[in-house]
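The values are calculated or read from the model by the stated rules, or taken from the named source; none is laboratory data. Computed from a predicted structure; not experimentally measured. Counting neighbours? That spans all protein chains shown, and the Cβs are built from the backbone with ideal geometry, glycine included.
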Amino acid sequence: MLLLLLLAGCATTTNNNTQVPTRYTLQDLTPADAERLLVRGRTQQHQVQQWFGQPSGLSKSGEHTYWNYTYSYHQESNGRSGLVILTVVFDKNLLVVDYDLQSNRYQQNN
C-alpha cells in the first residue's frame, strides 16, 4: 500500500483530457503552460502550490493575495541564463484571479 502511495506522488493528473504534471519548474514554464494551468476563477491555490511549491514571496492587498515565484539560472557549459518571474493573484475564495509570467532567457554567442 505504501508503495502505491509513493508511486501516485510521481504520477500525472488529467485536467480536461490533458496531462498535467504534479510539479512544474519555472525554468521550463511556457506562456502556453501558464495559460492552460492558471485558469482564472477555476484554478485553486492548493493546485498552484502543488505545481510550483511554496512561493518565494507573498503579499496582500485588500482581498487579494499575491504569490511570487522567482527563478534565475546561469549555465556556463552552454552559455544559457535567464530569469523567470511568476506572480499569481488569488481572491478571498483562494481562486486564481490573474497571473503574470515574465520569462527572459539569454543565449551567449561564442
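With respect to the conditions (1) over 12 Å from the mean Cα position of the chain (by Cα); (2) at pLDDT 85 or above; (3) surrounded by 10 or more Cβ atoms within 10 Å (Cβ to Cβ); (4) more than 14 Å from Tyr99 (Cα to Cα), His64 falls short on a single one, namely (4). Report yes if Gly57 is surrounded by 13 or more Cβ atoms within 10 Å (Cβ to Cβ) and either of a type outside the set (Lys, Arg) or within 19 Å of Leu26 (Cα to Cα) (or both), otherwise no. No.
Given Leu58, Leu101, Leu95, Leu83, which one is of a type outside the set (Lys, Arg) and under 10 Å from the mean Cα position of the chain (by Cα)? That would be Leu101, the only listed residue that is of a type outside the set (Lys, Arg) and under 10 Å from the mean Cα position of the chain (by Cα). Residues in segment 26-46 that are part of a helix (DSSP H, G or I), surrounded by 19 or more Cβ atoms within 10 Å (Cβ to Cβ) and at pLDDT 95 or above: Leu37 alone.
Of all residues in segment 85-106 being assigned to a strand (DSSP E or B) and either on the phi > 0 side of the Ramachandran plot or in contact (Cβ under 8 Å) with a residue 60 or more places away in the chain (or both), which is surrounded by the most Cβ atoms within 10 Å (Cβ to Cβ)?
To start, the set of residues in segment 85-106 that are assigned to a strand (DSSP E or B) comprises 85-90, 95-106.
Okay, now just the ones that are also either on the phi > 0 side of the Ramachandran plot or in contact (Cβ under 8 Å) with a residue 60 or more places away in the chain (or both), so 86, 99, 101, 103.
Numbers: Leu86: 23, Tyr99: 20, Leu101: 18, Ser103: 16.
Taking the candidates together, the pick is Leu86.
Of the residues making up segment 71-84, those that are in contact (Cβ under 8 Å) with a residue 40 or more places away in the chain and either in contact with a Phe, Trp or Tyr (Cβ under 9 Å, 6 or more places away or on another chain) or closer than 16 Å to Gly57 by Cα (or both) are Tyr71, Gly82, Val84.
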